[in-house]
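S.K.: Here it is, the structure in full.
The values are calculated or read from the model by the stated rules, or taken from the named source; none is laboratory data. Computed from a prediction, not measured in an experiment: that's the story for all the values here. Every residue, glycine as well, gets a Cβ built from its backbone with ideal geometry; the counts of neighbours run over all protein chains shown. To get the accessible areas, we keep the full protein, side chains included, count just its heavy atoms, and leave off ligands, DNA and RNA. Shrake-Rupley method; radii C 1.70, N 1.55, O 1.52, S 1.80 Å.
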Amino acid sequence: MRGKKGQTLTWYILKELSGTFFFGVMAFTVLLVAGDLLFKIADLIIERGVSFWVVIRLFWYRLPSVVILTLPMACLLSTLLSFGRLSASNEIVALNASGVSFQRILKPVLIASLVVGALSLLLNETLVPLSNRAAENLMKYEIAREKPSLLKERVFLRDESNGQLKRVIYISRLMPREGAMRDILIQEFTDGRLSRITTAEKGSWSNNKWTLEKGEVFQVDPSGIVELMYRFKNQEIELDLSPGEVSRATRNPGEMGMFELIDHIRLVSRQGVNVQPLWVTLHLRIAVPLASIVLAIIGSAFGVTPQRRGTGFGFGLSILIVFAYYVVMSFSKSFGQSGHISPILAAWIPNIIFSIFGIFLVRRVSH
């Protein structure tokens with residue numbers, strides 16, 4: 001019988017949470033959209049004369065990344081309002097009087113928030129990268145009127161060894177499918193000083209090697225004087241990247257899933273690029289969705305305070321708590337990207353701090 005009562009309690013609390021959760025998703029989505037996306041859309045329609053249909057598609061493509069941000073917020077608002085109503089009607093007191101602890105009452109909250117966090121991780125890995133890529137393509141090829149990306153323009157590659165810059169490669173135009181590039185500039189460094197410059201009209205990829213064609217090599221002496229050493233028709237260069245890898249090295253991390261991002265980090269690290277910000281981004285992909293659990297616990301504890309408060313107060317308090325969370329996240333993210341703390345710590349500091357705060361509130365409410 002106790003098992004059936006426990007299941008009944010779980011389903012009852014989940015039912016209470018569901019309505020306010022979907023309300024929170026819609027409310028915070030409208031708030032975020034109105035605060036940022038609508039201004040960009042208005043600018044596209046009024047200033048650039050973009051058609052309404054194109055703008056609607058852009059709005060639709062951007063929406064998943066906005067909704068992902070609202071899920072932890074909705075968990076906070078849902079628990080705060082639901083537990084506030086249960087507390088106001090003395091249902092929490094009645095449950096405690098019948099021997100049901102507050103920790104037991106929290107069990108459905110943990111289950112629901114864990115499901116929301118898992119859903120966020122899934123969407124971040126599947127739908128969000130695709131929608132971001134679609135939005136970026138729409139901005140480039142229909143709004144900015146660029147041609148489809150059969151080529152990459154203005155590609156920079158760095159090559160480092162033991163923390164020292166060896167060379168910088170600039171490719172004006174890269175055609176990954178053809179394995180060809182145009183207008184190449186290579187700057188080589190010795191002990192941090194520019195020592196040689198190589199230019200070429202074009203380059204090609206064959207037999208897993210890059211070959212430059214119609215180029216010149218210049219020597220740069222310590223005083224900065226540049227002298228022509230020789231011209232060449234064909235010359236191989238050491239570049240341990242295929243055309244496809246060079247192209248992928250310049251992709252936006254927002255258009256990648258987590259596994260793609262890991263491959264991207266490995267790829268660009270071979271060029272000597274600072275991958276600390278990318279590692280922070282990767283760990284945030286996990287930490288932010290799981291903030292749903294932390295914020296749900298905090299909302300539950302705040303909801304059972306004795307004062308009778310309405311939806312407006314709950315919504316305002318949710319905004320304050322979320323604002324505090326993202327302020328902490330912004331600071332820790334900056335410290336992580338600059339290398340002052342590890343990427344893992346930078347991503348998880350907000351969850352750690354707010355988890356401690358949530359545990360403190362739960363223990364306070366339980367006594």
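S.K.: Does segment 208-225 include one or more residues that are more than 21 Å from residue 189 (Cα to Cα), part of a loop (DSSP other than H, G, I, E, B) and either modelled with pLDDT under 70 or open to solvent by 20 Å² or more (accessible area, probe 1.4 Å) (or both)? Explain how you work it out, then say what you get.
M.R.: So in segment 208-225, the residues more than 21 Å from residue 189 (Cα to Cα) come out as 208-209, 213-214.
Now restrict to residues that are part of a loop (DSSP other than H, G, I, E, B): 208.
Cutting the leftovers down to either modelled with pLDDT under 70 or open to solvent by 20 Å² or more (accessible area, probe 1.4 Å) (or both) gives us 208.
Yes - at least one qualifying residue is present in segment 208-225.
S.K.: Could you grab me the full set of residues in segment 42-81 that are among the hydroxyl-bearing types (Ser, Thr, Tyr), in a helix (DSSP H, G or I) and either out of contact with any helix residue (DSSP H, G or I) (no Cβ under 8 Å at 6 or more places or on another chain) or without any contact (Cβ under 8 Å) to a residue 60 or more places away in the chain (or both)?
M.R.: Here is the first cut: in segment 42-81, the residues among the hydroxyl-bearing types (Ser, Thr, Tyr) are 51, 61, 65, 70, 78-79.
Of the ones still in play, those that are also in a helix (DSSP H, G or I) are 61, 65, 70, 78-79.
If the condition is that a residue be among the hydroxyl-bearing types (Ser, Thr, Tyr), in a helix (DSSP H, G or I) and either out of contact with any helix residue (DSSP H, G or I) (no Cβ under 8 Å at 6 or more places or on another chain) or without any contact (Cβ under 8 Å) to a residue 60 or more places away in the chain (or both), then 70 is the only one that fits.
S.K.: List the residue pairs whose Cβ atoms are under 6 Å apart, where the first residue sits in segment 16-30 and is in contact (Cβ under 8 Å) with a residue 24 or more places away in the chain, the second is open to solvent by 20 Å² or more (accessible area, probe 1.4 Å) and not charged (D, E, K, R), and the two are 6 or more positions apart or on different chains.
M.R.: 17/112; 20/81; 29/66; 29/67
S.K.: Separate question: So residue 235 passes all but one of these: (1) among the polar types (S, T, N, Q); (2) within 34 Å of the chain's Cα centre (by Cα); (3) surrounded by 15 or more Cβ atoms within 10 Å (Cβ to Cβ). Which condition number does it fail?
M.R.: Residue 235 satisfies every listed condition except (2).
S.K.: Moving on. Do we find that residue 18 is out of contact with any strand residue (DSSP E or B) (no Cβ under 6 Å at 6 or more places or on another chain), crowded, with 18+ Cβ neighbours inside 10 Å and modelled with pLDDT of 85 or more in this structure?
M.R.: no
S.K.: Does residue 336 satisfy the criteria of being small (Gly, Ala, Ser), open to solvent by less than 40 Å² (accessible area, probe 1.4 Å), in a helix (DSSP H, G or I) and more than 24 Å from residue 108 (Cα to Cα)?
M.R.: yes
S.K.: Taking the condition open to solvent by 20 Å² or more (accessible area, probe 1.4 Å), at pLDDT 80 or above and aliphatic (A, V, I, L, M), does residue 32 pass?
M.R.: Numbers: open to solvent by 20 Å² or more (accessible area, probe 1.4 Å): yes; at pLDDT 80 or above: yes; aliphatic (A, V, I, L, M): yes.
Spelling it out, residue 32 is indeed open to solvent by 20 Å² or more (accessible area, probe 1.4 Å), at pLDDT 80 or above and aliphatic (A, V, I, L, M).
S.K.: Being free of Cβ contacts under 8 Å to residues at least 40 places away in the same chain and buried (at least 18 other Cβ atoms within 10 Å of the Cβ) is the filter here, so list the residues in segment 348-367 that pass it.
M.R.: Across segment 348-367, the qualifying residue is only 349.
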